[in-house]
Each structure stands twice: as structure tokens, then as C-alpha cells.
Amino acid sequence: MQQERNIFPIVNDGFSVKEAIDEAKRCLHCKVPQCRKGCPIGNNIPEFVRQLSKGNMGGAMSIINETSNLPAICGRVCPHEKQCQGNCVLGKKGQPIQIGKLESFIADFDTQMNLIREDLPQKSRGRVAVIGSGPAGLTVAGDLARQGFGVTIYEGQEELGGVLMYGIPEYRLPKAIVRAEVKKIEALGVTFKPHCMVGRNNITIDSIFADGYDAIFIGTGTALPQEVATPGHNLGGIGQSIYLLHQFSAYNEGALSRRHVPVNEGDRVGIIGCGNVAMDAARTAVRLGAKVKVMYRRTQAEMPAIESEYNAAVAEGVEFLWKTEVTEFLDNGNGYLRAARLKSSDGESIEEFDRMFLAIGSRPANRIVSTTDGIATDEKGYVITSDYPMGMTTRRGVFAGGDVVHRPQTVVLAMKAAKEVAQGIAQYVDAVKLLQHIENKA
Ligand SMILES: Cc1cc2nc3c(=O)[nH]c(=O)nc-3n(C[C@H](O)[C@H](O)[C@H](O)COP(=O)(O)OP(=O)(O)OC[C@H]3O[C@@H](n4cnc5c(N)ncnc54)[C@H](O)[C@@H]3O)c2cc1C
């Protein structure tokens, strides 16, 4: 399972040491650095770039560690064009500093050289269980471990990382990078329980509390893909994009054979939707030898996909049909997809397809809330949380954050929410322990 085959080349090759230092030297060190304002988690970009420009890799890494647990990942998959890089003043007249690439360079260098040994406090402040190991769960775990909490992560899958491990394809985010970041979080003293699906086999919120945890964080994401009710939706050949990505990832890892990946060389593949999942499914299908069309019911300006992902998909030959809806899936006579009836501003047309993949959103599973009393959700299943203590659900001591609260967003926004909730958890546990101390003395 651990064997990596890298079937397709990695798309964002990193800097060499010289290239990274040269790029860092281009920074103007603005008095009011706009790049930092553009980073949702407030990374101290000017300072890590300054340290890197002097060749002080350890110093640069220590600065990143102050705010981020996943720099090798953010450096590769954040929408930099809208955030740090988009705000760099050099971008007004020329090329902005490639901040994302510098961030991942420093993190990768640290991994290879094993630069940083942090002074970690004793884990004496309390015990916290984290459910889910996506960017939200890993961030809560890392932040709380650094603040002296004993943290255990419960993860339903075999490996940790959530969408980073099972969604975003290898050519964009190598699994070795995710594994290295996860290892760094383990090195902070966090304990992992993989293959441990909370809400099944008698593992519940109540049983975790009974094991002596002071607080629990739910960071379980949005695992259920949305379906369509379009006539013909049950035909063979129609599936979920996330399933394609999952199968492809397992094939890439050598865990499945090619026939389990539901796209064949030469297939005409349709993708419905235009977010990040759609882009990854389209680009994966292209790599598998398919001719791909993405259909989106809105305009290009309204697509939720990261701009750079869309540009890469166009460059790789993916065709986009804007303001286009599929109104019917047509049968080949054997219960299998033959074509789709499309409606657009130009009228109706029929387009032939061999495969169709949906990428129209996802929502939370109810495995935890259905096995626990007192955790309220909205009508779509998103967990309701308070602002004080930050991130606490309607059940005392149970917190939540990331996509399971805020709807599918981005890695860094899940991290931002998780960082705030980690502070809420720390305040809550400290307050409960203080009250217990006072009561015990009385
Ligand atoms: C295909 C795809 C591509 C994307 N590309 C980008 C991108 O390029 N850039 C970007 O910024 N964002 C991207 N995103 C969005 C980003 O990945 C998500 O917003 C982010 O992963 C959400 O983090 P999370 O921790 O809330 O949830 P997740 O990453 O979904 O993690 C949830 C974890 O909880 C586990 N879990 C669920 N239920 C249980 C349970 N009951 N017990 C134990 N464990 C459980 C799951 O197995 C999973 O590991 C992409 C998303 C997808 C699906």
C-alpha cells in the first residue's frame, strides 16, 4: 500500500536551493506587507522570506511553525493567486514573489534535513480527542499538542490526511508530502488511531468521554457527494467524481489494478460541476487518455474552482461548456450511458458520452450526530457551533470545525477555522479544570 508509482509527472516542480534563495531576494520587504494580510492564517511571510534570502532555512521554518502545521501542503494547493501572491506589490507591474513555492520549498527542506527539534511542553494541560485527520483535525491536534495538551486523533480511514490523502491527486499533491507532514504532527506527541470510525462498533462521543478525554473536536468534513435526480441518472457509466479520484489514487499506490479505475483510454468523459473536485476529476480523466468536457450551469466568472486549476485544465485540453445543464441521460439500450441531452443558451443538443461524473458538491455524513445526543445540525447536516467558546457545539465539551461546519471550502480555510476552535478548546478545558480545582478545595 505504501509503494508509490507516480504514474503521472508531478505538475508543480519545486525550487532548487539557489532558485529559492534568488526568488526570496526579490522581496521588497514592504513597510506594510500586503502578502501577510492575504494569508487566512496570517503566516509571517515577510520574515520567513527574509530568513530564506539569507540562507537561514531553520529560521524560516521556525517562523512558519508559529502559524502553520501544513506548509508543504498549503504551498502546493492554496489559491495563492487570490491570497498571499495575489496581494504581493511586485505583482502590480510584473511577477509576484512565488510565495507558495517558497513555503513548500522550506517545508520540504526541513523534512529532508530534519532541521527543527521543537521544545515541547509536558502534556499536562488536559486530554483532547480529535475525530478526523483532514486539515482541520491535523491543525487542532498540532496547535493543542504545542500548547501542552495530550491529543489523540481518531481516523476512519487506513491513513491520515483526509481529502489531502484520498481526494487531491498525486500529480498535484504527492502522498509522500502528506505523509511527511502527518509524521511531523506525530512528532509533536500526537497519538493516531487509524481505522477507527466514530459512530460505528461502539465507538461514540460518549465512549470517548468515558475514556477520560476533557474535550472532543469533530473535523469530519463532507463525505457524502450530492446526487442528481435528472432522468436516466441510474444508468451505468454515471458515477461520482470523488469515486474516480479515490480509485485512481488507490491504483496509483499499487493497491488496485487499472481495471478498477472507471475511465478507459479514448473514453468521452463528461464532468458535471466546476469546483475543485470537477477540475481534479477532469485532469485525472485526461491523464487516463479520455477526451473530457466539463458542463457547468453558471458562467465562468461564477465557477468555484481555483483559477490556476481551471487554467491548467484548459491547457491540458479539457473543454468547458458554460451555462449548460444536463436535462437527461440517454440509454444505449443496455442500461448504460450513451449520451446526454444538454440545454444551454444556444438551445438543446445531444452530446455522446461513455462516462459521466458528478461533482456538484458534498455534505456531512450523520454517523456521529445520529449516535450522540445533543449535537444540533442545520437542515443540511452541518454542525452548529457557537462563537464563545469558539467552535463549541450544542453539546458541552464537543467542538467542531472545518468543512463539517462551514461547508466545503479550502484547505487553508479549514485550518483557519480549526486554529480558532483550538483556542476555544484550550479556554474551555482550562476553565473546567479551574472550576474543578476550586470545588475540590471547598
Ligand atoms: C478532490 C478535491 C480537491 C480539492 N482541492 C483543493 C485545493 O486544491 N486547494 C484547497 O485549498 N482545497 C481543496 N479542496 C478542499 C479541501 O480539501 C477541503 O476543504 C478540506 O480538506 C477540508 O478539511 P476538513 O479537515 O474539514 O475535512 P476532510 O479533509 O474531509 O477530512 C475529514 C476526515 O474525517 C474523517 N472522518 C469522517 N468521519 C469520520 C468518523 N465518523 N470517524 C473518524 N473519522 C472520520 C475522514 O476519513 C477524513 O479523513 C479539495 C477538495 C476535494 C474533495
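Key figures
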read-out: Selection count where residues are surrounded by fewer than 24 Cβ atoms within 10 Å (Cβ to Cβ) and either of a type in the set (Val, Ile, Thr) or more than 9 Å from the ligand (Cβ to nearest atom) (or both), scope the stretch 144-162; value: 6
read-out: Selected residue (criterion: nearest to ASP143 (Cα to Cα)) from residues of the stretch 211-229 that are away from the ligand (no atom under 13 Å from the Cβ) and among the hydrophobic types (A, V, I, L, M, F, W, C); value: ALA215
read-out: Matching residues, the stretch 332-381, being exposed (fewer than 15 other Cβ atoms within 10 Å of the Cβ) and among the charged types (D, E, K, R); value: ASP346, GLU348, GLU352, ASP373, ASP378, GLU379, LYS380
read-out: Residue under evaluation GLU170, criteria (1) outside any helix (DSSP H, G or I); (2) away from the ligand (no atom under 15 Å from the Cβ); (3) farther than 24 Å from ASN366 by Cα, criterion not met; value: (2)
read-out: In the stretch 262-293, the residues that are outside any loop (DSSP other than H, G, I, E, B) and of a type in the set (Val, Ile, Thr); value: VAL269, ILE271, ILE272, VAL277, THR284, VAL286, VAL292
read-out: Subset tally (residues that are out of contact with any strand residue (DSSP E or B) (no Cβ under 9 Å at 6 or more places or on another chain), of a type in the set (A, V, I, L, M, F, W, C) and farther than 19 Å from ARG172 by Cβ) for the stretch 287-321; value: 1
read-out: Some residue of the stretch 197-210 being touching a residue at least 40 places away in the same chain (Cβ under 8 Å), over 24 Å from VAL263 (Cβ atoms), in a loop (DSSP other than H, G, I, E, B) and more than 9 Å from the ligand (Cβ to nearest atom); value: yes
read-out: In the stretch 42-80, the residues that are surrounded by 24 or more Cβ atoms within 10 Å (Cβ to Cβ) and charged (D, E, K, R); value: ARG76
read-out: Residue in the stretch 400-442 that is surrounded by the fewest Cβ atoms within 10 Å (Cβ to Cβ), counting only those that are of a type in the set (D, E, K, R) and without any contact (Cβ under 8 Å) to a residue 12 or more places away in the chain; value: LYS441
read-out: Matching option when the condition is surrounded by fewer than 18 Cβ atoms within 10 Å (Cβ to Cβ), assigned to a helix (DSSP H, G or I) and charged (D, E, K, R), among ARG259, ARG298; value: ARG259
read-out: Segments classed as helices (runs of 4 or more DSSP H), wholly inside the stretch 82-164, with at least 3 members that are at pLDDT 95 or above and within 17 Å of CYS39 (Cβ to Cβ); value: 84-87, 99-113, 135-146
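The values are calculated or read from the model by the stated rules, or taken from the named source; none is laboratory data. Remember, it's a predicted structure, so these values are computed and weren't measured experimentally. Quick reminder, even Gly has a Cβ in these numbers, built from the backbone with ideal geometry, and neighbours come from all protein chains shown.
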